[in-house]
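Data first, discussion second: the structure below is written as structure tokens.
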Amino acid sequence: MSRQIQLRRGTATEHESFIGAVGEITMDTTNQTLRVHDGETPGGVALARADTVPEDVQLPENYDFVVEYHKESSANNSKWYRKYKSGRVDMGGYYTGNATVVTLPIQVQDSNYIVLITKNSPPAYWATTHLVVGGTSTKNFTIYQYGDTASLKVGWLIMNAIAAS
């Protein structure tokens, strides 16, 4: 047998003086909306109905947001990226082992970017291990490692580069 759930309800005027319990949901019978209560705010917070939300919302031109991303995983060689509406891109990842060429997950517009590298798991001889970035291009860069590096976990990060068109 099915069950019927009925919410507490009232008019918009009645809601304005009503303080619902924390997490309580009530129905506004005047505006045909739901309201969520926090135990303090008279009337709670009215939820928007789909037919009241404008279809063509204009965001400010300088508003930037993520339009594409990829999470780090073993399938993508421990790399991740975030691509923004403006074309800006942040990316990073890690690897373990000796000197390597790192292929960028997103090709960038020019090679004028900075790579931050870090030793995430230092070997026994921390002071004898050195990391140097060189050979940057729009598609990859090289990390040269000197010292005890066989088991060294290296993280890398590039921020605010511009993605190639």
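The values are calculated or read from the model by the stated rules, or taken from the named source; none is laboratory data. Everything quoted here is computed from the prediction, not taken from an experiment. With ideal geometry, Cβ positions are generated from the backbone for all residues, glycine too; neighbour counts draw on all protein chains shown. Quick note on the areas: whole protein, heavy atoms, side chains included, nothing else; ligands and nucleic acids left out. Shrake-Rupley method; radii C 1.70, N 1.55, O 1.52, S 1.80 Å.
When you look at Ile5, is it loosely packed, with under 10 Cβ neighbours inside 10 Å, farther than 30 Å from Arg88 by Cβ and either at pLDDT below 85 or of a type outside the set (Ser, Thr, Tyr) (or both), yes or no?
yes
With the checklist (1) touching a strand residue (DSSP E or B) at 6+ places or on another chain (Cβ under 9 Å); (2) open to solvent by 80 Å² or more (accessible area, probe 1.4 Å); (3) at pLDDT below 90; (4) of a type in the set (A, V, I, L, M) in hand, flag the one item Ala99 doesn't pass.
It fails just one condition, (2).
Sort out which residues of segment 12-24 are surrounded by fewer than 16 Cβ atoms within 10 Å (Cβ to Cβ) and under 18 Å from Thr52 (Cβ atoms), and write them in order of number.
Result: Ala12, single match.
Condition check: surrounded by 14 or more Cβ atoms within 10 Å (Cβ to Cβ), of a type outside the set (Val, Ile, Thr) and either closer than 30 Å to Val89 by Cβ or free of Cβ contacts under 8 Å to residues at least 60 places away in the same chain (or both). Does Asn31 satisfy that?
yes
Tell me which residues, restricted to segment 43-59, are within 30 Å of Gly10 (Cβ to Cβ) and without any contact (Cβ under 8 Å) to a residue 12 or more places away in the chain.
Selection gives Val45, Ala50, Asp51, Thr52, Val53, Pro54.
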